[in-house]
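Asks: Sharing a structure below in structure tokens format, with a few things to ask.
The values are calculated or read from the model by the stated rules, or taken from the named source; none is laboratory data. Quick caveat, the model's predicted, so the values are computed rather than measured. As a convention, Cβ positions derive from the backbone with ideal geometry for all residues, glycine included, and neighbour counts pool all protein chains shown. Surface areas here come from the heavy atoms of the whole protein model, side chains and all, with no ligands, DNA or RNA. Shrake-Rupley method; radii C 1.70, N 1.55, O 1.52, S 1.80 Å.
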Amino acid sequence: MPVDTPSGEPPKRVAVGRRVFIGIAAIGALGVAFGADVQSFFGNAVGSGLGGLLPGGDRFRIYSITGAYPQISRRKYRLEVSGLVERPATFTMADLEAMPATSFVKTFQCVTGWKVPDVHWEGVKLSDILETVGVRPSAVAVTFESYDRADTESLTIDQAHLADVIVAYRMLGAPVTTEHGGPVRLYVAPMFGYKSLKWLSAIRVVDKVEPGYWEMNGYPVNGWLDGTTGATNPDPRLT
Ligand SMILES: Nc1nc2c(c(=O)[nH]1)N[C@H]1C(S)=C(S)[C@@H](COP(=O)(O)O)O[C@H]1N2
Ligand SMILES: [Mo]
């Protein structure tokens with residue numbers, strides 16, 4: 001039940017020209033289905049730092065720019081990798097699962113303030129995928145596309161090679177659900193949640209950083225959780 005509400009994620013500097021739809025799927029400690037108004041109140045309250053006082057604390061808010069949750073079966077899922085690479089490739093679920101898996105536990109943080117501690121993630125390192133296709137020397141950045149045909153994201157080549165940037169197929173101890181961006185989403189562990197694009201459809205290696213959907217709406221391109229804007233970033237092309 002997507003809810004037509006003004007953006008749950010007010011932009012820092014740039015006016016949002018369109019509304020962001022926030023679908024509500026995972027709510028209530030007891031599985032109680034709150035009404036949309038109550039939930040959007042929680043969303044706003046959490047964004048203003050009251051999250052710990054409310055029953056919705058420590059829970060994922062399910063976001064979808066479009067209001068829809070693209071349904072892609074594991075059998076039909078494909079990840080296209082192209083651009084400035086030696087061997088463009090299309091990965092199936094089986095291809096991804098045959099690659100070395102990496103897993104870790106980390107607090108998930110949305111830039112609006114809500115966070116979920118101790119989230120277990122599993123998938124393939126983005127760097128392993130990039131190695132498989134062979135990144136050309138002219139590569140500067142990587143862009144990501146979603147099956148929702150709305151969200152886009154980008155990382156520099158150096159960021160894309162960090163060991164905790166993964167193409168995730170398991171989350172919270174189970175296959176990534178449709179609401180959370182399954183069967184495959186990106187998880188950029190060192191950055192705020194908006195970098196972790198859901199329903200990942202394509203990875204393109206490109207020659208410049210292309211700000212994604214949330215960046216066009218005012219969020220920093222370098223969404224480091226520690227708030228730095230490039231100090232920990234080894235790539236001077238980014239700042
Ligand atoms: N395709 C897509 N990916 C997305 C979003 C979105 O709206 N659409 N929202 C982002 C934001 S702002 C956050 S905080 C996380 C939320 O992940 P969740 O919906 O699994 O809780 O997804 C990110 N990835
Ligand atoms: Mo977010």
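Asks: With a cut-off of 8 Å between alpha carbons and a minimum separation of six or more residues, what is the relative contact order of the range 69-238 in percent?
Replies: Relative contact order, the range 69-238: 25 percent.
Asks: Okay, next question. Taking Rh as the Kirkwood radius, which is the inverse of the mean 1/r over Cα pairs, what is the Rg/Rh value for the range 69-238?
Replies: 0.93
Asks: Okay, moving on. Return the inverse of the average 1/r over all pairs of distinct C-alpha atoms in the range 66-161, which is the Kirkwood hydrodynamic radius, in Å to one decimal.
Replies: Here the Kirkwood hydrodynamic radius works out to 15.4 Å.
Asks: Rank these residues by their accessible area, most exposed first, probe 1.4 Å: T102, T152.
Replies: If we order T102, T152 from most to least accessible, we get T152, T102.
Asks: About the Cα centre of the range 69-238, what is the dipole size in debye to 20, counting +1 per Lys and Arg Cβ and -1 per Asp and Glu Cβ, all else neutral?
Replies: 340
Asks: Right, something else. Let me cross-check F144: its accessible surface, 1.4 Å probe, with only protein heavy atoms counted, in Å² to the nearest 10?
Replies: Its accessible surface works out to 0 Å², give or take rounding.
Asks: A further question follows. If I take every Cα pair under 8 Å that is 6 or more residues apart in the range 116-198, average their sequence separation and divide by the length, what percent do I get for the relative contact order?
Replies: The value is 31 percent.
Asks: Enter the accessible area per residue of the range 69-238 (Å², integer; probe 1.4 Å; all protein chains in place).
Replies: 41
Asks: Regarding the range 80-124, what's the average projected area of the Cα-atom convex hull, expressed in nm²?
Replies: Quarter of the Cα hull surface area: 4.9 nm².
Asks: Show which lysines lie in cross-link reach of K125 when reach means a straight Cα distance below 17 angstrom and same-chain residues fewer than eight apart are skipped.
Replies: Filter leaves K106, K195, K198.
Asks: Label point 7 Å out from A68 along Cα-to-Cβ: which residues of the range 137-169 have amide N under 15 Å?
Replies: From the range 137-169, the list is 146-151.
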